[in-house]
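S.K.: Next up is a structure, given as structure tokens.
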Amino acid sequence: MLESITALIPWIQYPATALTVIGFYFLGSTHAKMRQIGFIMNLVGNIVWITYGTLPLQIGLIATNVCIFILAVRGYLNNRYGIDAKLLKYMREIGLLNHKEKENL
């Protein structure tokens, strides 16, 4: 049983690659729904990559995909709810951004 599972490990990278590449393609869309689909595909792809990396314990691959996963969650929330825009507006209101920073944003 364990031998059959370890024989499948190299094949996990193909769906992970497909999900990641297609997800990034959708991220380039001008439509918010398509970008949301892209973020979700990237999230699933990252989970598959993390799974692939844990079996032979590839720390670099795991760490990279955990970081990309966190950034994809941030991007999804920003795309869906505009969290970054709301945060910047709040920071301007309470004076955390100085005059020069306000001009650049």
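The values are calculated or read from the model by the stated rules, or taken from the named source; none is laboratory data. What you are looking at is a predicted structure, and each value in this text was computed from that prediction instead of being measured. Counting neighbours? That spans all protein chains shown, and the Cβs are built from the backbone with ideal geometry, glycine included.
S.K.: Of the residues that sit in the stretch 18-40 and are polar (S, T, N, Q) and loosely packed, with under 14 Cβ neighbours inside 10 Å, which one is nearest to residue 72 (Cα to Cα)?
M.R.: So the first thing to find is which residues in the stretch 18-40 are polar (S, T, N, Q), and the list is 20, 29-30, 36.
Subset that is loosely packed, with under 14 Cβ neighbours inside 10 Å: 29-30.
Values: 29: 15, 30: 17 Å.
Residue satisfying both the conditions and the ranking: 29.
S.K.: I've got another one for you. Among the residues that make up the stretch 41-59, is at least one of them in contact (Cβ under 8 Å) with a residue 40 or more places away in the chain, of a type in the set (A, V, I, L, M), part of a helix (DSSP H, G or I) and in contact with a helix residue (DSSP H, G or I) (Cβ under 8 Å, 6 or more places away or on another chain)? Show your work before the answer.
M.R.: So the first thing to find is which residues in the stretch 41-59 are in contact (Cβ under 8 Å) with a residue 40 or more places away in the chain, and the list is 52, 55-56.
Those left that are additionally of a type in the set (A, V, I, L, M): 55.
Imposing the further condition that a residue be part of a helix (DSSP H, G or I) reduces the set to none.
Checked the stretch 41-59: no residue is in contact (Cβ under 8 Å) with a residue 40 or more places away in the chain, of a type in the set (A, V, I, L, M), part of a helix (DSSP H, G or I) and in contact with a helix residue (DSSP H, G or I) (Cβ under 8 Å, 6 or more places away or on another chain).
S.K.: Residue by residue through the stretch 56-80, note down the ones that are surrounded by 13 or more Cβ atoms within 10 Å (Cβ to Cβ) and under 28 Å from residue 6 (Cα atoms).
M.R.: 58, 61, 62, 64, 65, 66, 68, 69
S.K.: Report yes if some residue within the stretch 73-82 is in a helix (DSSP H, G or I) and among the small types (Gly, Ala, Ser); otherwise report no.
M.R.: Yes, some residue in the stretch 73-82 is in a helix (DSSP H, G or I) and among the small types (Gly, Ala, Ser).
S.K.: I've got another one for you. Can you pull out every residue in the stretch 1-40 that is more than 12 Å from the chain's Cα centre (by Cα), assigned to a helix (DSSP H, G or I), over 16 Å from residue 68 (Cβ atoms) and polar (S, T, N, Q)?
M.R.: Correct list: 4, 6.
S.K.: Follow-up question, since we're still on this one. For the stretch 61-102: of the residues being in contact with a helix residue (DSSP H, G or I) (Cβ under 8 Å, 6 or more places away or on another chain) and more than 25 Å from residue 36 (Cα to Cα), which is modelled with the lowest pLDDT?
M.R.: Result: 102.
S.K.: Further question on the same structure: Condition first: more than 11 Å from residue 49 (Cα to Cα) and among the aromatic types (Phe, Trp, Tyr). Now tell me which residues in the stretch 60-84 satisfy that.
M.R.: Correct list: 76, 81.
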